[in-house]
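Scroll down for the structure; my scribbles are underneath it.
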Amino acid sequence: MNLSSSFIYILFFILIFACSKKEEKVTIITEKNLETQMMEVYNQGMEEFERGDAIYASKKFSEAELLYPQSVWAPRAALMSAYSHFSQGYYNYAINDLERFLIKYKNHPQTVYAFYLMALCHYNQIIDEKKDFNEILLSKKYFEIIINDFPNTEYASDSKYKLELINEIIASKEMYLARYYVQREKWIPAINRLKKIVNDHSTTIFIEEALYRLVELHYKLGLVDEAQKYAVLLGYNYRSSQWYEAGYKILNKDYSTKKIVVEKDKSGFLQKFKNIFQ
(Lines give C-alpha, C1' and ligand atoms only; values in the text may rest on other atoms or scores of the structure.)
Protein backbone atom coordinates (compact mmCIF):
# COMPACT_ATOMS: atom_id res chain seq x y z
CA MET A 1 0.00 0.00 0.00
CA ASN A 2 1.54 3.27 -1.10
CA LEU A 3 1.57 6.49 0.94
CA SER A 4 -1.33 8.14 -0.86
CA SER A 5 -3.61 5.15 -0.22
CA SER A 6 -2.72 5.12 3.47
CA PHE A 7 -3.50 8.81 3.69
CA ILE A 8 -6.94 8.28 2.11
CA TYR A 9 -7.81 5.51 4.61
CA ILE A 10 -6.70 7.64 7.55
CA LEU A 11 -8.74 10.61 6.29
CA PHE A 12 -11.77 8.32 5.81
CA PHE A 13 -11.68 7.06 9.42
CA ILE A 14 -11.22 10.60 10.74
CA LEU A 15 -14.32 11.78 8.87
CA ILE A 16 -16.40 8.83 10.14
CA PHE A 17 -15.29 9.45 13.72
CA ALA A 18 -16.00 13.20 13.41
CA CYS A 19 -19.48 12.64 12.00
CA SER A 20 -20.38 10.17 14.74
CA LYS A 21 -19.21 12.60 17.44
CA LYS A 22 -21.10 15.45 15.80
CA GLU A 23 -24.30 13.39 15.66
CA GLU A 24 -23.97 12.49 19.36
CA LYS A 25 -23.47 16.16 20.26
CA VAL A 26 -26.55 17.20 18.33
CA THR A 27 -28.64 14.62 20.21
CA ILE A 28 -27.53 16.01 23.59
CA ILE A 29 -28.34 19.56 22.56
CA THR A 30 -31.80 18.49 21.41
CA GLU A 31 -32.55 16.94 24.82
CA LYS A 32 -31.59 20.17 26.59
CA ASN A 33 -33.21 22.39 24.05
CA LEU A 34 -36.81 21.86 25.25
CA GLU A 35 -36.29 23.51 28.63
CA THR A 36 -34.07 26.15 27.09
CA GLN A 37 -36.74 26.94 24.53
CA MET A 38 -39.35 27.15 27.27
CA MET A 39 -37.28 29.62 29.27
CA GLU A 40 -36.75 31.73 26.17
CA VAL A 41 -40.50 31.90 25.56
CA TYR A 42 -41.14 32.58 29.27
CA ASN A 43 -38.65 35.46 29.19
CA GLN A 44 -40.34 36.81 26.08
CA GLY A 45 -43.57 36.80 28.03
CA MET A 46 -41.93 38.75 30.85
CA GLU A 47 -40.59 41.30 28.38
CA GLU A 48 -44.04 41.79 26.84
CA PHE A 49 -45.59 42.02 30.30
CA GLU A 50 -43.16 44.78 31.27
CA ARG A 51 -44.03 46.60 28.05
CA GLY A 52 -47.69 46.49 29.04
CA ASP A 53 -48.93 44.10 26.36
CA ALA A 54 -50.82 41.77 28.71
CA ILE A 55 -52.62 39.81 25.99
CA TYR A 56 -49.49 38.90 24.08
CA ALA A 57 -47.58 38.25 27.30
CA SER A 58 -50.30 35.85 28.40
CA LYS A 59 -50.03 33.99 25.09
CA LYS A 60 -46.27 33.61 25.56
CA PHE A 61 -46.70 32.32 29.12
CA SER A 62 -49.29 29.80 27.92
CA GLU A 63 -46.95 28.74 25.12
CA ALA A 64 -44.13 28.27 27.63
CA GLU A 65 -46.36 26.11 29.82
CA LEU A 66 -47.34 23.89 26.89
CA LEU A 67 -43.74 23.47 25.72
CA TYR A 68 -42.60 21.82 28.94
CA PRO A 69 -45.59 21.03 31.22
CA GLN A 70 -43.43 18.86 33.51
CA SER A 71 -41.15 21.75 34.37
CA VAL A 72 -41.39 23.62 37.68
CA TRP A 73 -41.80 26.72 35.54
CA ALA A 74 -45.04 25.50 33.96
CA PRO A 75 -47.34 26.42 36.91
CA ARG A 76 -45.43 29.68 37.29
CA ALA A 77 -46.14 30.44 33.65
CA ALA A 78 -49.83 29.67 34.23
CA LEU A 79 -49.96 32.08 37.16
CA MET A 80 -48.11 34.76 35.21
CA SER A 81 -50.67 34.40 32.43
CA ALA A 82 -53.41 35.02 34.99
CA TYR A 83 -51.59 37.95 36.56
CA SER A 84 -50.92 39.52 33.16
CA HIS A 85 -54.65 39.60 32.48
CA PHE A 86 -55.43 40.77 36.02
CA SER A 87 -52.95 43.64 35.88
CA GLN A 88 -54.73 45.12 32.85
CA GLY A 89 -58.25 44.57 34.15
CA TYR A 90 -59.06 41.55 31.99
CA TYR A 91 -60.63 39.83 34.98
CA ASN A 92 -62.66 37.20 33.15
CA TYR A 93 -59.57 35.99 31.27
CA ALA A 94 -57.64 35.92 34.55
CA ILE A 95 -60.41 33.92 36.22
CA ASN A 96 -60.28 31.34 33.40
CA ASP A 97 -56.52 31.00 33.85
CA LEU A 98 -56.85 30.62 37.62
CA GLU A 99 -59.64 28.07 37.41
CA ARG A 100 -57.48 25.98 35.10
CA PHE A 101 -54.47 26.37 37.43
CA LEU A 102 -56.46 25.21 40.49
CA ILE A 103 -57.64 22.12 38.61
CA LYS A 104 -54.35 21.25 36.91
CA TYR A 105 -51.91 22.03 39.73
CA LYS A 106 -53.72 20.89 42.87
CA ASN A 107 -51.78 21.30 46.13
CA HIS A 108 -49.22 23.55 44.47
CA PRO A 109 -47.30 25.78 46.93
CA GLN A 110 -48.80 28.86 45.25
CA THR A 111 -52.40 27.65 45.50
CA VAL A 112 -53.14 30.29 48.15
CA TYR A 113 -51.93 33.00 45.77
CA ALA A 114 -54.24 31.63 43.06
CA PHE A 115 -57.20 31.82 45.46
CA TYR A 116 -56.19 35.35 46.49
CA LEU A 117 -55.93 36.54 42.90
CA MET A 118 -59.27 34.89 42.15
CA ALA A 119 -60.86 36.74 45.07
CA LEU A 120 -59.40 40.04 43.87
CA CYS A 121 -60.71 39.45 40.33
CA HIS A 122 -64.25 39.30 41.70
CA TYR A 123 -63.66 41.99 44.34
CA ASN A 124 -62.41 44.52 41.79
CA GLN A 125 -65.56 44.08 39.73
CA ILE A 126 -67.81 45.28 42.57
CA ILE A 127 -69.10 48.69 41.51
CA ASP A 128 -72.69 48.79 42.71
CA GLU A 129 -73.91 46.55 45.54
CA LYS A 130 -77.36 46.55 43.97
CA LYS A 131 -76.15 45.14 40.64
CA ASP A 132 -72.94 43.19 41.36
CA PHE A 133 -74.19 40.90 44.10
CA ASN A 134 -72.85 37.76 42.39
CA GLU A 135 -69.33 39.25 42.35
CA ILE A 136 -69.76 40.17 46.02
CA LEU A 137 -70.64 36.61 46.97
CA LEU A 138 -67.86 35.06 44.89
CA SER A 139 -65.19 37.35 46.32
CA LYS A 140 -66.51 36.56 49.80
CA LYS A 141 -66.27 32.85 49.04
CA TYR A 142 -62.59 32.98 48.02
CA PHE A 143 -61.51 35.32 50.82
CA GLU A 144 -63.14 32.92 53.29
CA ILE A 145 -61.24 29.99 51.72
CA ILE A 146 -57.96 31.85 52.34
CA ILE A 147 -58.87 32.72 55.93
CA ASN A 148 -60.05 29.19 56.77
CA ASP A 149 -57.55 27.07 54.81
CA PHE A 150 -54.47 29.31 54.81
CA PRO A 151 -54.74 31.33 58.06
CA ASN A 152 -50.99 31.74 58.58
CA THR A 153 -50.18 33.14 55.15
CA GLU A 154 -49.46 36.74 54.23
CA TYR A 155 -52.73 36.85 52.29
CA ALA A 156 -54.96 36.03 55.28
CA SER A 157 -54.76 39.43 57.00
CA ASP A 158 -55.67 41.35 53.84
CA SER A 159 -58.45 38.85 53.16
CA LYS A 160 -59.91 39.54 56.62
CA TYR A 161 -59.81 43.27 55.96
CA LYS A 162 -61.50 42.95 52.58
CA LEU A 163 -64.04 40.52 54.01
CA GLU A 164 -65.06 43.19 56.52
CA LEU A 165 -65.64 45.59 53.63
CA ILE A 166 -67.63 42.96 51.78
CA ASN A 167 -69.83 42.40 54.84
CA GLU A 168 -70.47 46.15 54.94
CA ILE A 169 -71.50 46.02 51.29
CA ILE A 170 -73.82 43.06 51.85
CA ALA A 171 -75.36 44.77 54.89
CA SER A 172 -75.89 47.94 52.85
CA LYS A 173 -77.76 45.91 50.24
CA GLU A 174 -79.94 44.35 52.93
CA MET A 175 -80.68 47.81 54.35
CA TYR A 176 -81.46 49.13 50.88
CA LEU A 177 -84.01 46.33 50.38
CA ALA A 178 -85.46 46.83 53.87
CA ARG A 179 -86.03 50.55 53.17
CA TYR A 180 -87.54 49.63 49.81
CA TYR A 181 -90.09 47.36 51.51
CA VAL A 182 -90.80 49.93 54.24
CA GLN A 183 -91.62 52.56 51.63
CA ARG A 184 -94.11 50.16 50.09
CA GLU A 185 -95.49 49.19 53.51
CA LYS A 186 -94.41 45.58 53.14
CA TRP A 187 -93.55 45.13 56.78
CA ILE A 188 -92.74 41.41 56.96
CA PRO A 189 -90.19 41.36 54.10
CA ALA A 190 -88.63 44.48 55.62
CA ILE A 191 -88.37 42.82 59.03
CA ASN A 192 -86.75 39.75 57.49
CA ARG A 193 -84.09 41.88 55.83
CA LEU A 194 -83.41 43.78 59.04
CA LYS A 195 -83.12 40.58 61.06
CA LYS A 196 -80.57 39.32 58.56
CA ILE A 197 -78.41 42.37 59.34
CA VAL A 198 -78.75 41.72 63.09
CA ASN A 199 -77.99 38.01 62.78
CA ASP A 200 -75.29 37.99 60.09
CA HIS A 201 -73.79 41.49 59.97
CA SER A 202 -73.87 42.79 63.53
CA THR A 203 -70.37 44.30 63.24
CA THR A 204 -71.30 46.61 60.37
CA ILE A 205 -72.31 50.26 60.56
CA PHE A 206 -75.91 49.32 59.69
CA ILE A 207 -76.64 47.42 62.90
CA GLU A 208 -77.89 50.47 64.83
CA GLU A 209 -80.39 51.52 62.18
CA ALA A 210 -81.48 47.91 61.74
CA LEU A 211 -82.30 47.60 65.45
CA TYR A 212 -84.15 50.93 65.43
CA ARG A 213 -86.28 49.95 62.45
CA LEU A 214 -87.09 46.61 64.07
CA VAL A 215 -88.41 48.58 67.07
CA GLU A 216 -90.39 50.80 64.73
CA LEU A 217 -91.91 48.03 62.61
CA HIS A 218 -92.81 45.70 65.46
CA TYR A 219 -94.47 48.57 67.30
CA LYS A 220 -96.38 49.47 64.13
CA LEU A 221 -97.62 45.88 63.90
CA GLY A 222 -98.75 45.94 67.53
CA LEU A 223 -95.96 43.61 68.70
CA VAL A 224 -94.94 45.80 71.61
CA ASP A 225 -93.03 43.12 73.50
CA GLU A 226 -90.88 42.41 70.45
CA ALA A 227 -90.34 46.14 69.93
CA GLN A 228 -89.19 46.51 73.55
CA LYS A 229 -86.74 43.62 73.21
CA TYR A 230 -85.04 45.29 70.27
CA ALA A 231 -85.12 48.62 72.09
CA VAL A 232 -83.29 47.10 75.07
CA LEU A 233 -80.76 45.52 72.73
CA LEU A 234 -80.24 48.89 71.07
CA GLY A 235 -79.82 50.60 74.41
CA TYR A 236 -77.38 48.11 75.89
CA ASN A 237 -75.00 48.38 72.98
CA TYR A 238 -75.49 51.80 71.39
CA ARG A 239 -76.59 54.21 74.11
CA SER A 240 -74.80 57.16 72.49
CA SER A 241 -76.40 56.53 69.11
CA GLN A 242 -79.07 58.76 67.63
CA TRP A 243 -81.00 55.58 66.83
CA TYR A 244 -81.13 54.74 70.55
CA GLU A 245 -83.11 57.82 71.51
CA ALA A 246 -85.28 57.62 68.40
CA GLY A 247 -86.15 54.03 69.21
CA TYR A 248 -87.43 54.74 72.69
CA LYS A 249 -89.48 57.70 71.53
CA ILE A 250 -91.57 55.23 69.57
CA LEU A 251 -92.60 53.34 72.71
CA ASN A 252 -95.31 54.48 75.13
CA LYS A 253 -94.65 56.96 77.94
CA ASP A 254 -94.45 54.24 80.58
CA TYR A 255 -91.45 52.77 78.76
CA SER A 256 -89.08 55.72 78.94
CA THR A 257 -85.33 55.75 78.61
CA LYS A 258 -84.96 56.90 82.22
CA LYS A 259 -86.14 53.54 83.48
CA ILE A 260 -83.40 51.63 81.68
CA VAL A 261 -79.84 51.63 82.99
CA VAL A 262 -77.54 50.77 80.15
CA GLU A 263 -73.87 49.99 79.91
CA LYS A 264 -71.57 49.12 77.08
CA ASP A 265 -71.89 45.43 76.36
CA LYS A 266 -68.89 43.53 77.73
CA SER A 267 -70.29 40.05 78.07
CA GLY A 268 -71.68 39.11 74.71
CA PHE A 269 -75.11 40.57 75.46
CA LEU A 270 -75.69 41.32 71.80
CA GLN A 271 -75.11 37.71 70.89
CA LYS A 272 -77.47 36.51 73.62
CA PHE A 273 -80.25 38.73 72.31
CA LYS A 274 -79.53 37.71 68.76
CA ASN A 275 -80.14 34.09 69.78
CA ILE A 276 -83.63 35.00 70.96
CA PHE A 277 -84.71 35.90 67.44
CA GLN A 278 -83.06 33.05 65.57
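When residues in the range 124-147 are screened for being modelled with pLDDT of 95 or more and touching a Lys or Arg at 6+ places or on another chain (Cβ under 7 Å), 2 of them pass.
When restricted to residues that are hydrophobic (A, V, I, L, M, F, W, C) and either exposed (fewer than 10 other Cβ atoms within 10 Å of the Cβ) or at pLDDT below 50 (or both), the range 18-53 contains 3. Scanning the range 92-110 for residues that are at pLDDT 90 or above, surrounded by fewer than 19 Cβ atoms within 10 Å (Cβ to Cβ) and not hydrophobic (A, V, I, L, M, F, W, C) yields Asn92, Asn96, Glu99, Arg100, Lys104, Tyr105, His108, Pro109, Gln110. With the condition kept exactly as written, say whether any residue in the range 109-129 is of a type in the set (D, E, K, R) and within 19 Å of Ile207 (Cα to Cα). There is at least one residue in the range 109-129 that is of a type in the set (D, E, K, R) and within 19 Å of Ile207 (Cα to Cα). Scoring Ile188 on the criteria (1) among the β-branched types (Val, Ile, Thr); (2) within 32 Å of the chain's Cα centre (by Cα); (3) farther than 28 Å from His122 by Cβ leaves a single failure, condition (2). Taking the conditions exactly as written (among the hydrophobic types (A, V, I, L, M, F, W, C) and either in contact with a strand residue (DSSP E or B) (Cβ under 9 Å, 6 or more places away or on another chain) or without any contact (Cβ under 8 Å) to a residue 12 or more places away in the chain (or both)), does Leu117 satisfy them or not? Judged against the criteria, Leu117 is not a match. When Leu234, Leu214 are screened for being at pLDDT 90 or above, out of contact with any Lys or Arg (no Cβ under 6 Å at 6 or more places or on another chain) and not small (Gly, Ala, Ser), only Leu214 passes. Would you confirm whether or not the range 180-188 contains a residue that is outside the structural domain of Gln44 (by TED's automatic domain parsing), in contact with a Ser or Thr (Cβ under 9 Å, 6 or more places away or on another chain) and assigned to a helix (DSSP H, G or I)? Within the range 180-188, none of the residues are outside the structural domain of Gln44 (by TED's automatic domain parsing), in contact with a Ser or Thr (Cβ under 9 Å, 6 or more places away or on another chain) and assigned to a helix (DSSP H, G or I).
When Ala171, Ala119, Ala156 are screened for being farther than 23 Å from Asn92 by Cβ and buried (at least 20 other Cβ atoms within 10 Å of the Cβ), only Ala171 passes. Hey, does the range 241-253 have a residue that's assigned to a helix (DSSP H, G or I), surrounded by 15 or more Cβ atoms within 10 Å (Cβ to Cβ), polar (S, T, N, Q) and modelled with pLDDT under 90? No, the range 241-253 contains no residue that is assigned to a helix (DSSP H, G or I), surrounded by 15 or more Cβ atoms within 10 Å (Cβ to Cβ), polar (S, T, N, Q) and modelled with pLDDT under 90. Among the residues of the range 189-207, those identified as in a helix (DSSP H, G or I) and crowded, with 20+ Cβ neighbours inside 10 Å are Ala190, Ile191, Arg193, Leu194, Ile197, Val198, Ile207. Only one entry of Tyr155, Tyr161, Tyr142, Tyr219 meets the criterion of being closer than 30 Å to Leu251 by Cα, aromatic (Phe, Trp, Tyr) and free of Cβ contacts under 8 Å to residues at least 60 places away in the same chain, and that entry is Tyr219.
The values are calculated or read from the model by the stated rules, or taken from the named source; none is laboratory data. Just so it is clear, the structure is predicted and the values come from calculations on it, not from any experiment. Positions of Cβ are backbone-derived with ideal geometry, glycine not excepted, and every protein chain shown enters the neighbour counts.
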